[in-house]
Amino acid sequence: MKQLTWKDLPIGGVVTEPGNARKNLTGTWRTERPVIDQDACIRCRICWMYCPEPAILELKKPYVTKTGKKYDLTYEIDYDHCKGCGICAHECPVKAIKMVPEVAG
Amino acid sequence: MAVAKALSVREEVVKERLGLTSNYAVAYAVKAVDVDVIAAYPITPQTTIIEKLAEFVANGEIDAEYIPVESEHSALSAVVGAAAAGARVFTATSAQGLEFMHEVLYITSGLRLPVVMAVPGRALSAPISIHGDYQDIMSARDAGWIMLIASSAQEVYDSIIMAYRIAEDGRVLLPVMVAYDGFLMSHTTEPVEIYHEEYVRKFTPRNLNRYRLDPRSPITIGVITSPDWYYEIKYQAIKALKDSKGIIKEVHEEFNKSFGTNYDIIEKYMLDDADYVLITYGGASSGNAKEAAKRARERGLRAGVLRIRLFRPFPTDEVVNAIKDAKAIAVIDRALSPGNTYEGPVFNDVVSALYSRGVDKPVISVVHGISQRTMLVDDFYNLYKMLDEYAKTGEYPRKTIFMGLRGGEE
Amino acid sequence: MSASTIEITFFGRGGQGAVTAAQIIAQAAIRRGLFASSFPEYGAERRGAPVRAYVRLSREPVLAREPIERPDISVVFDTRLLSVFNIPQITKSYIVINALSIDDVRQSIGKFSGKVVYVNAYEISTKHLGKPIVNTTMLGALLKVLDLIDLDTVKELVLETFGKRLGKSNVDALEEAYKAAEVVVL
Amino acid sequence: MKVYFRTIKDLPVDEYFGPGQLTCAGCGPSIAVRWLLKAAAPDVIVVNATGCIEVTTTSYPYTAWSVPYLHVAFENSAAAASGVEAALKVLRRKGILDTKAKVMVIAGDGGTFDIGLQSLSGMLERGHGVLYVLYDNEAYMNTGIQRSGGTPHFAWTTTSPVGSKLRGKVQRKKDIMSIVIGHHIPYAATANIAYPIDLANKVKTALDYLDEGPAFIHVLAPCPPGWRYPEDMTVEIARLATETGYFPLYEWDHGRIRFNPPSNAHFDKSKRKPIIEYLKRQGRFAHLTEEDIKEIEKEIDEYWDYLARLAKAFG
C-alpha cells in the first residue's frame, strides 16, 4: 500500500471504501484478552452494547449449555480488533467474561 | 469575416445591455449559471454582490438556498459543505473577510471542491482601510486556487461564467477566485452585455460525476494523513493547478466561440512592437496604463501593456513570450510583499518567470495604488518615460519604487 | 458638448443624491448605446460631508479609471462647494450650479472662463418634492448642455430609480429645471 | 421523546462505525458514535469537527465510517453542515438529486463549547435541519488533555494543572444546554454513553424533528487517559455521572422540559448517589480536598435548583 504514488490515489484524499479501517488490526494493542464463558453467558447483550469498537460479535449460532439451556445466539470476541479495554468484563452482570493475559507469540 | 461572425454570435447571445457595477455583474452571472447554494457575510466593498443576490432570491429570480452566515469563515465552510454534497455554490468576500477565510481556502483546494468566489480586492488592516488594492488577493495566492483577475465589469461577468466551467471540469476540480478592483470596479457603473440564460446554462452543464456525499456510496472526505501520504495528495492538487492552465485556455477559446468574445489568459495591448512594457493586473492599473500607452505612442515612445488575467496558475511562458523583445519592463503591483528583495509580489513572479526561461531583461518593480491611493494616467505615462531614460543610461533601480509615497522610498 | 469623451463631476454633500444623479446619467448613456463609467468617491458615508461622483461618457469604451481632475462639466449642488473644490479653476467648459439668484452665481463663482448653467434648484425641488433634494433638478439643468443624452431616457431612469410616485415628482422637478435653467457667461 | 427501542433486545444490529478506528482502548466517544450511527444510519451524512473522533477514524487511507462523512476543520462543523443541508434541500427541490439523507454533526467539547460556538449559534439561529451531537469528554484530549469550556471545576488538565496556588480548573463548566435552548430550537437533550437505549431514542426523535429546525444532543463520553481511570471503568464512570446528579438526563422538547430516568427522581437529593463516588474514581480529581468536594456538591445542588426552576416553569 505504501508504495502507491500520487498517480494511484483518488483526489482530495477521499477514501472510497466504507469502513475499510477494519484493516487496522487493533487487536495487536491488547495486553489482556476477554474470554467469554459460553455456559455462564446469559445472552443479555450488555457486553455487545457497550463495546466501543465494536469487537463483540453477535452471531446466529445456536449453543446448548452444559446445564442444557438452549440459545440461538452466541457472543464471540473479534480478537482482530478487540483492544482489550475490559469494559465487557467489567459490565457483565454475571461475570461470564474474564480478562486473561496475552501470552507472547 | 471573423469580425462579422463574432458580431452575429453576439447578436444572438446578448439579452440586454445594462449599466452595472462589477459587483452587480457578479450577481447577474451567478444568477445565469443556476447556482444552488450561496453563503456570504457582508464586508465592504463586497457587500453589494450579496445584497443583489439576496434580492434575486427574495424575488424568486434564482432558485438557490441563500445562507446568511455569521462570519466569512462560516461562509466558505458552508459552501465547502454544499459543494461536497454536490451543489453548485457561490461566495464572495474582501479584505479581512478573506483573511478570516484563510484557513478554509487551503481546505477547499485540498478537498478539490469546485467553489467559485468573487473578491473585490481591498487593503488589509491595520490601520483599517476600506479602500481598494490587492493585498488581500495576494495573501491568498499560495492557497492552491485558480485566480483570475478581471479588468472590467463585462469581464467580471464573463469570468464568473467561465469560472464555473473551469472549476467543475473533471480534469480540474479546484476552486476559482475571480478578483477585481475594490471600488474602482466593484462600485463603478459600466456597460455590461448580459446573455440569455439558456446560452450560459448550455455553456456550464452540471457535473455531478465527482466525489460527493451520497448515502448510496458512502465516502469519507477530509481525512488525516501521516507523512507517508500528505505529500502525494498535496502534489496532486499542485499538479492539477499547474495543468489547469491548458484547460483554462480551452474554456476561454470555447467561451470566445460561444459568446463572440476575445479573452485570453493574458491581455496584450499595443505590445507587438513595444520597447517599453507595463505589466499590470486589475482594472485601474491596466486601464490607466492603456491610456498612458496611447499617450506615450502619440509622443513617440513605443509603449505597450501586458495585463495578467490568469494569475494562478501563473502564465509563465505566455508572459515571457509577450515581453521577450521589449527593451525595459515595469511591473506595477497594487499589493505588498514586505521583507522580500522587492516588495511587489507579481514583480517577483515575473522575474522568476523570465529567469526560469533564460531571458534577462531589465525589469523594475513599482508599487502604486495602495489603499486606493490615487493613480493617474500621467503616473503611468511617467513610468514609460522613466523606462526610456533607464534604457538610455543602462542604469536601473535595484529596489521597488513606491509611487505616490509622500517622502519617497529609501 | 461633443468631444470624444465627456467628463462630468457631480459635487454634492452626503445625503443629497449626487451619487445617484451620476448613476442616472451613466445609465442613460449606456441605455442609448454609448459607453460610460460612473463611480463615486468612496469613504464612510457621512451626511452633509462634501462628496464627488464622476461620470465619463464616450462613444468608445472607457479605459481610464482615474478620478476626474479637470471635468468638462461640473454639477454643483450648492455654492459653498465651489471653493471647497476650487471648481471654477478646474472646470473646463460648464459649471451647472444651484443658486438663489444670478447675483448669487456671480458673487460665488467670481472668475470663470467657461459658461455657467444656473438654476434655482432649491425652489424647484422644494416645490415638487416638499424638500430641497436637488439631485434630479440638477439633472434637468445639466441636460440643457449635454446633448449626448436625451431628456426622455433620463426621465425613464428617474422613474425606475425612484418608483412611480416619487419618480413622477422628480420628473416634474427635472422638467421644470430643464426649462428654467439659463446658460450665462459671466 | 418517542420510544423506538424499548429494551436492549430492540437495539439495531447493523454497524456503521468501526472497527479498526484508532481510539484509545475503552474510549467513551467511540461508544457514543457507534450508537449515534446505529440510530441514524444509513440515510445520514456526518459532518465531523476536528478532534479525537476525527483523527482516530479517518487515518488515511482508512476510514471507520460506513456513512458519507465530511471533515472540514475545527470551528466550522455547524457551518459546513449548514451547507450540506442547504445543498440537499435545493438539489431535492430542483429534482437534481433524489435523497432523503439527514445531516448530523459530531463534535467534541472543544469544537462546541469553545472554538465552534459561533458557528453552532449561527446554524441554530438560521434554523438548519441539522442534528448537532456534542460528545463531551470534558477537555482537549486529542492534543493531550488541555482544559476547555466544558472541563469541570477543579479538574486537572495540562493547562489547568494542580499547583501550589491553583488547584485544577478555576472556572465552572459552561452550561451549553442553556445556551442552545436559548436559540429556541425544537429539540435539545442530554444523553450518556452508559444509557445507549435512551441515547438511540433521542437520536431518532431528534432526526424526526429536523423538518422543523435544528436539534442538539449533549452526550457525556468519558475518556480513560484524560480523566485518569482504568479503561474498563468508562461505562461505570459515565453511569455514576448521572446517578450522582453531576450529569442529568433531560430533554427540551418544543418548549417543555422533561427529565429521563434515572434523573427524573433526582430532584430529591437523597435519591442521588454521593458525588464522591463519581470523583474518587478519577485521577483528574485526585487532588480534591474535602472542602473542594463540598464546593462541587454545592455547585451540583445549585444546578439542580436551577433545573427545578426550569422544570417548574417549563415542565
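At a glance:
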| read-out | value |
| --- | --- |
| Single match in D:Ile193, D:Ile217 (criterion: surrounded by 24 or more Cβ atoms within 10 Å (Cβ to Cβ) and within 11 Å of another protein chain (Cβ to nearest Cβ)) | D:Ile193 |
| Filtered residues of segment D:166-203 (kept if under 23 Å from D:Gly226 (Cβ atoms) and in a loop (DSSP other than H, G, I, E, B)) | D:Leu166, D:Gly168, D:Lys169, D:Val170, D:Gln171, D:Arg172, D:Lys173, D:Lys174, D:Asp175, D:Ile193, D:Ala194, D:Tyr195 |
| Enumeration of residues in segment C:30-52 that are closer than 19 Å to B:Leu184 by Cβ, at the interface with chain B (Cβ under 10 Å from one of its Cβ atoms) and buried (at least 18 other Cβ atoms within 10 Å of the Cβ) | C:Ile30, C:Phe35, C:Ala36, C:Ser37, C:Ser38, C:Phe39, C:Pro40, C:Tyr42 |
| Test for D:Cys52: is it surrounded by 24 or more Cβ atoms within 10 Å (Cβ to Cβ) and either over 23 Å from D:Trp252 (Cα atoms) or in contact with a Phe, Trp or Tyr (Cβ under 7 Å, 6 or more places away or on another chain) (or both) | yes |
| Within segment B:188-213, considering residues that are farther than 17 Å from B:Ala27 by Cβ and among the polar types (S, T, N, Q), the one surrounded by the most Cβ atoms within 10 Å (Cβ to Cβ) | B:Asn207 |
| Qualifying residue in segment B:315-330 (condition: within 17 Å of the chain's Cα centre (by Cα), basic (Lys, Arg) and in a loop (DSSP other than H, G, I, E, B)) | no |
| Selection within segment C:1-31 - modelled with pLDDT of 95 or more and over 15 Å from the mean Cα position of the chain (by Cα) | C:Ile30, C:Arg31 |
| Exclusive hit being of a type in the set (A, V, I, L, M), touching a residue at least 40 places away in the same chain (Cβ under 8 Å), assigned to a helix (DSSP H, G or I) and more than 14 Å from chain B (Cβ to nearest Cβ), set C:Val105, C:Val117, C:Val96, C:Val75 | C:Val105 |
| Residue, farthest from the other protein chains (Cβ to nearest Cβ), within segment B:162-190, restricted to residues that are outside any loop (DSSP other than H, G, I, E, B) and either hydroxyl-bearing (Ser, Thr, Tyr) or touching a Lys or Arg at 6+ places or on another chain (Cβ under 6 Å) (or both) | B:Tyr164 |
| Residue match in segment D:20-27 (condition: more than 10 Å from every other protein chain (Cβ to nearest Cβ) and in a loop (DSSP other than H, G, I, E, B)) | no |
| Filter pass, D:Ile145 being within 14 Å of chain B (Cβ to nearest Cβ) and of a type in the set (Val, Ile, Thr) | no |
| Those residues of segment D:275-304 which are of a type in the set (A, V, I, L, M, F, W, C), surrounded by fewer than 16 Cβ atoms within 10 Å (Cβ to Cβ) and touching a residue at least 60 places away in the same chain (Cβ under 8 Å), in sequence order | D:Ala286 |
| Condition broken by D:Lys94, with the remaining ones in (1) over 23 Å from D:Phe17 (Cα atoms); (2) within 7 Å of another protein chain (Cβ to nearest Cβ); (3) crowded, with 24+ Cβ neighbours inside 10 Å satisfied | (3) |
| Check on A:Cys44, facing another protein chain (nearest Cβ under 10 Å) and closer than 14 Å to A:Leu73 by Cβ | yes |
| Looking only at segment A:55-74, and only at residues there that are within 13 Å of chain D (Cβ to nearest Cβ) and in contact (Cβ under 8 Å) with a residue 24 or more places away in the chain, the one that is surrounded by the most Cβ atoms within 10 Å (Cβ to Cβ) | A:Ala55 |
| Subset of segment C:80-92 that is assigned to a loop (DSSP other than H, G, I, E, B) and under 17 Å from C:Val185 (Cα atoms) - its residue that is nearest to the chain's Cα centre (by Cα) | C:Thr91 |
| Residues (under 17 Å from the mean Cα position of the chain (by Cα), touching a residue at least 60 places away in the same chain (Cβ under 8 Å) and within 12 Å of chain D (Cβ to nearest Cβ)) located in segment B:85-104 | B:Phe90 |
| When residues of segment B:350-372 are limited to those that are in a loop (DSSP other than H, G, I, E, B) and surrounded by fewer than 18 Cβ atoms within 10 Å (Cβ to Cβ), the one farthest from the other protein chains (Cβ to nearest Cβ) | B:Asp360 |
| Odd one out for B:Ile308 among (1) within 13 Å of another protein chain (Cβ to nearest Cβ); (2) touching a Pro at 6+ places or on another chain (Cβ under 8 Å) | (1) |
| Every residue from segment D:51-61 that is hydrophobic (A, V, I, L, M, F, W, C) and within 7 Å of chain B (Cβ to nearest Cβ) | D:Val55 |
| Residues of segment B:28-65 classified as of a type in the set (Gly, Ala, Ser), away from chain D (no Cβ under 14 Å) and over 30 Å from B:Leu124 (Cα atoms), total | 2 |
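Residue-wise test of (1) facing chain D (nearest Cβ under 7 Å); (2) closer than 25 Å to D:Pro224 by Cβ; (3) among the hydrophobic types (A, V, I, L, M, F, W, C).
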{"residue": "A:Gly19", "(1), (2), (3)": "yes, yes, no"}
{"residue": "A:Ile36", "(1), (2), (3)": "no, yes, yes"}
{"residue": "A:Ala40", "(1), (2), (3)": "no, no, yes"}
{"residue": "A:Trp48", "(1), (2), (3)": "no, yes, yes"}
{"residue": "A:Glu53", "(1), (2), (3)": "yes, yes, no"}
{"residue": "A:Glu76", "(1), (2), (3)": "no, yes, no"}
{"residue": "A:His90", "(1), (2), (3)": "yes, yes, no"}
{"residue": "A:Ile97", "(1), (2), (3)": "no, yes, yes"}
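For (1) at pLDDT 95 or above; (2) more than 15 Å from D:Val13 (Cβ to Cβ); (3) under 10 Å from the mean Cα position of the chain (by Cα), each residue gets a yes or a no:
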residue: A:Asn20; (1), (2), (3): yes, yes, no
residue: A:Trp29; (1), (2), (3): yes, yes, no
residue: A:Pro34; (1), (2), (3): yes, yes, yes
residue: A:Asp37; (1), (2), (3): yes, yes, no
residue: A:Cys41; (1), (2), (3): yes, yes, no
residue: A:Pro52; (1), (2), (3): yes, yes, yes
residue: A:Ile56; (1), (2), (3): yes, no, yes
residue: A:Leu59; (1), (2), (3): yes, no, no
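Every residue, every condition in (1) among the hydroxyl-bearing types (Ser, Thr, Tyr); (2) within 23 Å of D:Ser119 (Cβ to Cβ); (3) more than 7 Å from chain B (Cβ to nearest Cβ); (4) assigned to a helix (DSSP H, G or I), yes or no:
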| position | (1), (2), (3), (4) |
| --- | --- |
| D:Lys2 | no, no, yes, no |
| D:Phe5 | no, no, yes, no |
| D:Asp14 | no, no, yes, no |
| D:Ser30 | yes, no, yes, yes |
| D:Thr63 | yes, no, no, no |
| D:Val67 | no, yes, no, no |
| D:Ala79 | no, yes, no, yes |
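The values are calculated or read from the model by the stated rules, or taken from the named source; none is laboratory data. From a predicted model like this one, the values you see are computed outputs, not experimental measurements. Here Cβ is always computed from backbone atoms with ideal geometry, including for glycine, and neighbour counts include all displayed protein chains.
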